[in-house]
């Protein structure tokens with residue numbers, strides 16, 4: 001676990017040369033990558049969504065492609081298409097920008113639902129089918145999508161099936177005034193992104209991804225995840241709760257978060273920290289609750305306060321101080 005923590009800190013420190021004052025958000029982005037999940041960054045323009053995606057790709061030496069989603073974008077512009085070669089008299093496949101290790105889907109909600117759906121197979125099954133032929137995605141494979149939550153003109157809301165495929169949703173938010181002064185000073189002569197280099201190789205990243213799967217999760221923690229997710233389905237203000245994919249995402253994210261913290265076991269506090277980014281975007285709020293300004297994050301935090309944690313953790317695996325923490329919670 002020390003290797004995962006050390007490599008993770010290298011990536012986080014490198015990205016923070018560009019993304020100032022957003023340590024937790026950068027760690028969560030790395031969590032999604034370690035879990036081989038996908039990331040949705042939802043915030044107003046100019047907060048560093050695109051820069052974050054580029055900084056992560058450069059820190060890992062991964063191939064990077066950017067797709068600017070627009071209303072006239074076609075599915076073939078994303079996945080690729082077959083073109084007839086008159087010299088060979090055969091069709092040749094021209095891969096689209098989705099065939100990269102890190103893909104930035106910029107302003108994803110500006111594309112039509114038809115084009116948005118072209119990502120469904122790639123994100124879930126890590127393959128793309130074009131003209132009856134299936135092409136595998138490269139490894140690792142991460143989609144980082146951005147969208148503006150306050151601009152609705154010329155946009156199309158992401159369907160539930162699309163939202164459910166994102167492991168985590170982040171909001172970067174505005175920097176603090178002192179952090180914004182630092183950003184101005186760093187960009188006096190150039191953009192710091194130009195100086196970002198590789199700090200962890202792709203092979204090291206694959207080893208980290210395999211290592212995360214070995215993190216111990218006690219049955220009490222697994223049961224807590226299930227109770228928490230099930231509570232979203234029975235909440236009176238929720239029309240549609242989190243799916244089993246949400247449970248899996250929270251489970252995997254807990255493993256990666258623990259590994260980045262230098263632990264080989266998951267504690268309930270890991271799940272509490274990850275519940276909002278892993279579950280909130282999967283909930284559909286009833287209209288009657290929306291009128292009362294009830295949002296998804298409010299419901300998740302309400303459930304975190306009400307859903308109990310069973311004080312049953314394997315004593316042989318978890319130190320005494322963490323067992324006391326579980327019991328007190």
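Bear in mind these aren't lab numbers, they're just calculated from the coordinates by the rules spelled out. Computed from a prediction, not measured in an experiment: that's the story for all the values here. Positions of Cβ are generated from backbone atoms using ideal geometry, with glycine treated the same way; all protein chains shown enter the neighbour counts.
Quick look at the values:
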| item | result |
| --- | --- |
| For the stretch 124-190, diffusion coefficient by Stokes-Einstein and Kirkwood Rh (Cα), 25 °C, 0.890 mPa s, µm²/s | 150 |
| Length-normalised contact order of the stretch 2-209 in % [C-alpha pairs under 8 Å, at least 6 apart] | 33 |
| Point-to-point label distance, residue 203-residue 227, nm (Cα→Cβ direction, 7 Å offset) | 4.6 |
| Theoretical gain in end-to-end length, residue 288 to residue 174 [0.36 nm per residue, Cα-Cα removed] | 38.0 nm |
| Label-to-label distance, nm, for residues given as residue 234 and residue 126 (7 Å Cα→Cβ offset) | 3.5 |
| Full-stretch length increase - residue 298, residue 82 - with 0.36 nm per residue and alpha-carbon distance subtracted | 73.1 nm |
| Structure-derived semi-axes √(5λ) of the Cα gyration tensor in Å - corresponding label in (1) 29, 24, 20; (2) 36, 23, 19; (3) 33, 24, 22 | (3) |
| Gyration tensor over alpha-carbon atoms, the stretch 215-323, equivalent ellipsoid semi-axes in Å | 28, 13, 11 |
| Using a Förster distance of 35 Å, the FRET efficiency for residue 184-residue 150 (Cβ separation, nearest 0.05) | 0.90 |
| Tilt relative to the chain, helix 219-234 - C-alpha long axis, 0 to 90 degrees, to 10 | 70 |
| Contact order normalised by residue count of the stretch 215-323, Cα under 8 Å, 6+ apart, percent | 35 |
| Helix axis angle, 2-15 relative to the chain longest principal axis, alpha carbon, degrees | 60 |
| Cα long-axis angle, helix 244-260 against the chain (0 to 90 degrees, to the nearest 10) | 80 |
| Gyration tensor verdict on the stretch 168-213 (Cα atoms; rounded if a/c is under 1.5, prolate if a/b is larger than b/c, oblate otherwise) | oblate |
| Cα gyration tensor category, rounded, prolate or oblate, for the stretch 1-121 with a/c compared to 1.5 | prolate |
| Computed Kirkwood radius, in angstrom, where 1/r is averaged over Cα pairs of the stretch 85-165 | 14.2 |
